[in-house]
Amino acid sequence: MRVLLIGATGNVGLRLCSALLTHGHTVIAYVRSTSKLESALPRDAFTRLTVVNGDAMDANAIKSAILDHSCDAVVNASGLAALAPWGSSTLPAIVSAVLKAAGEAGEVQKRPLRVWVLGGMTALHYPGTQKPLASYLPIFREHVGNLALLKSIPSETIEWSMLCPMTMVPETENVAFPLKSSRGKLVASRDIPPNFNNSVLKYIPLIGGTLHLMTNASRYETSLEQNADLIAEDLETRESKFIGAAVGIIDPAR
Ligand SMILES: NC(=O)c1ccc[n+]([C@@H]2O[C@H](COP(=O)([O-])OP(=O)(O)OC[C@H]3O[C@@H](n4cnc5c(N)ncnc54)[C@H](OP(=O)(O)O)[C@@H]3O)[C@@H](O)[C@H]2O)c1
């Protein structure tokens, strides 16, 4: 696919550059600083990219980038959710601009764009309920709002997915190209964390759900490389099982 990658200079974005190229995609990297991108990527990877400069809150500039480069897909790795429930960041404004741009560009191209947005684990449902994990552990709540925005979009407008990782760690400090992961493929599921361990803790009044979640949380650490590979592999086909879903992931080795 022809992929507009927004936030290519970030932790996830840099691995996505490498992963998307490794999976044979054409990558248009949308960044604020070309020199930052160039200095963080292996030369072989950087020279294969087309770079567009712009701000991720500028819907018109993103729409132009999609149309100028005839993109089929957009991946948003820009912005960073606020940790504390009282915190705020530019992430909601970024996601809103990206979705507006992708929706309008899809109308012009007469085909909905495939869109991946980075979210976080607390946007997933607590298994067996329709409540987000953020109701039990109120951190990174901005992802919950972004997911609600995605769900409000008519399905014929954008074919979206939100990747919902817990902490992601680098496997190597320098980004490798082609992308390699020594950790293997992630197991993924729609809307809930896969392989969530059951526990009697959940029956404790008031704090049971929170304790249950906290005993599970550390099992959900994955690597940046694994996550980038999942998105890049998924974009090899339009027939994704993750369209219209928040995607929970776990490293089966953990
Ligand atoms: N890292 C984790 O462990 C983790 C875990 C779960 C979820 N997530 C989510 O994954 C996403 C990416 O995380 P990350 O760790 O890769 O973040 P990061 O390293 O802080 O990268 C953020 C990226 O956003 C770009 N950006 C920010 N504001 C922008 C703007 N107005 N216009 C254009 N670009 C802008 C930054 O560009 P500059 O280089 O120009 O500043 C950078 O490329 C976030 O939504 C985060 O909440 C991360």
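Here are a few things to note about the model shown:
- FRET efficiency for GLU173 and LYS110, using Cβ-Cβ distance with R0 set to 45 Å, rounded to 0.05: 0.55
- GluC sites (Glu not before Pro), loop per DSSP, at most 10 other Cβ atoms within 10 Å - longest free stretch of the chain: 1-155
- Taken over the alpha carbons of the stretch 2-250 as equal point scatterers, the Debye sum produces base-10 log I(q)/I(0) values at 0.13, 0.14 Å⁻¹ of -0.77, -0.89.
- Applying the criteria of a DSSP loop state and at most 13 other Cβ atoms within 10 Å to the chymotrypsin sites (Phe, Trp or Tyr not before Pro) of the stretch 1-86 yields TRP86.
- When the Cα positions of ILE192, PRO42, MET162 are compared along the charge dipole of the stretch 2-250, ILE192 comes out farthest toward the positive end, with charges on each C-beta of Lys, Arg, Asp and Glu.
- Accessible carbon and sulfur surface of the stretch 69-158 relative to its total accessible area, %, 1.4 Å: 60
- Taken per residue, the accessible surface of the chain reaches 45 Å², heavy atoms only and a 1.4 Å probe.
- R0 of 41 Å, Cβ-Cβ distance ARG2-TYR203: FRET efficiency to nearest 0.05: 0.20
- Between ASN60 and LYS36, the FRET efficiency from the beta-carbon distance, with R0 = 35 Å, is close to 0.90.
- For the stretch 2-250, size of Cβ-based charge dipole, Lys and Arg +1, Asp and Glu -1, in debye: 360
- Dipole of the stretch 2-250 [Lys/Arg +1, Asp/Glu -1 at C-beta], most positive-end residue of PRO92, ALA105, ALA77: PRO92
The values are calculated or read from the model by the stated rules, or taken from the named source; none is laboratory data. Because the structure is a prediction, the values reported are computed rather than measured. Note: ideal-geometry Cβ built from the backbone for every residue, glycine included; neighbour counts use all protein chains shown. For the accessible areas, the whole protein counts, side chains as well, though only heavy atoms, and no ligand, DNA or RNA atoms are used. Shrake-Rupley method; radii C 1.70, N 1.55, O 1.52, S 1.80 Å.
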